[in-house]
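Trainee: One structure is given below, represented as structure tokens, and several questions about it will come after.
The values are calculated or read from the model by the stated rules, or taken from the named source; none is laboratory data. In this text the structure is predicted, and so the values were computed from the model without any measurement. Because the Cβ atoms are built from the backbone with ideal geometry, glycine has one as well, and the counts that use them run over all protein chains shown. Keep in mind that these areas ignore ligands, DNA and RNA; they rest on the heavy atoms of the full protein, side chains included. Shrake-Rupley method; radii C 1.70, N 1.55, O 1.52, S 1.80 Å.
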Amino acid sequence: MTNLANKTVLVTGASRGMGRATARALAAAGAHVIVHYGNAQAEAESLLKEIRAGGGRADAVRADLGSLDAVADLVEKTKAIVGGRLDVLVANAGISGAAAIADQKPADFDRLYAVNVRAPYFIVQGLLPLFGEGSSIVLLSSLAVQAAVGELSAYAASKGAVDTLVKHFAAALGPKGIRVNAVAPGVIETDMSSFAKTEQGRAFILNMQALKRIGQPEDVAPVAAFLASDDARWITGTTIAVDGGSKL
Ligand SMILES: NC(=O)c1ccc[n+]([C@@H]2O[C@H](COP(=O)([O-])OP(=O)(O)OC[C@H]3O[C@@H](n4cnc5c(N)ncnc54)[C@H](OP(=O)(O)O)[C@@H]3O)[C@@H](O)[C@H]2O)c1
């Protein structure tokens, strides 16, 4: 089992969905988890309670990642909690938004890039002094980078940027012993995935996947936890598909 005893971890967007499942998995592996959230305070607090009741360590920090000031605030609060060292960042928080090319609104496009690309970039920048030999950064990519599923061109482009950051961050930070990778989920049943909420959508998903069930947050969390851990010590600069064999 993945061992993260005495490691400090920040998971963004840990109140719901895959972030929540990943924070749980990291806490179960022994890490002290900072549960970041945006609006879902009750969900974040229930996760803190659950981790603490299980004997784990957890703190919560709120920040709207659409704002650079809030990103800076998250960085400062993280420093105040962990002190000088952060072992793991899972930059999971993200938003989606479907629109036909003709209907894409510039403001929605900018918001996608602010939350999905700018926020992880500047969280990594702000936390650089806390990362060191053995630290691991895990970003969230998407199947949508590789396959044109739905009307997700703007969202998919933001996740394509994440894959690009993985390569550049890994190359730049590797000499310091810091690894950078991403997981690329297929359709996962969360609040975000409108695809999985209708019979027609579910049929489409099952048709494009080799494995014939709908993916769950708990299918992704162990892969993020693996990448976060020393078991993945020789893996950096890569994006791992976690999609039940989608669009093979
Ligand atoms: N679901 C899928 O099928 C799928 C597939 C591929 C990739 N992904 C990616 O996987 C990641 C997690 O997705 P999910 O499906 O688990 O999403 P989700 O259930 O909708 O949860 C999103 C999380 O991100 C946080 N968040 C969103 N916008 C934020 C903002 N502006 N400021 C702060 N926090 C914000 C939310 O916090 P609050 O609720 O507290 O505001 C929540 O904790 C995302 O990066 C997504 O793009 C998802």
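Trainee: In region 168-200, which residue that is acidic (Asp, Glu) and more than 7 Å from the ligand (Cβ to nearest atom) is surrounded by the fewest Cβ atoms within 10 Å (Cβ to Cβ)?
Mentor: Glu199
Trainee: Testing Phe226 on (1) within 18 Å of the chain's Cα centre (by Cα); (2) outside any helix (DSSP H, G or I), one condition comes back false. Which one is that?
Mentor: With respect to (1) within 18 Å of the chain's Cα centre (by Cα); (2) outside any helix (DSSP H, G or I), Phe226 is out only on (2).
Trainee: Got a sec? Which helices (runs of 4 or more DSSP H) wholly within region 10-124 have at least 2 residues that are surrounded by fewer than 18 Cβ atoms within 10 Å (Cβ to Cβ)?
Mentor: 41-53, 68-82, 106-113
Trainee: Where residues in region 125-155 are touching a helix residue (DSSP H, G or I) at 6+ places or on another chain (Cβ under 7 Å), among the aliphatic types (A, V, I, L, M) and in a loop (DSSP other than H, G, I, E, B), which of them is least open to solvent (accessible area, probe 1.4 Å)?
Mentor: Across region 125-155, the extreme among qualifying residues is Val149.
Trainee: Identify the single condition in (1) surrounded by 15 or more Cβ atoms within 10 Å (Cβ to Cβ); (2) out of contact with any helix residue (DSSP H, G or I) (no Cβ under 7 Å at 6 or more places or on another chain) that Ser246 does not satisfy, given that it satisfies every other one.
Mentor: Of the numbered conditions (1) surrounded by 15 or more Cβ atoms within 10 Å (Cβ to Cβ); (2) out of contact with any helix residue (DSSP H, G or I) (no Cβ under 7 Å at 6 or more places or on another chain), the odd one out for Ser246 is (2).
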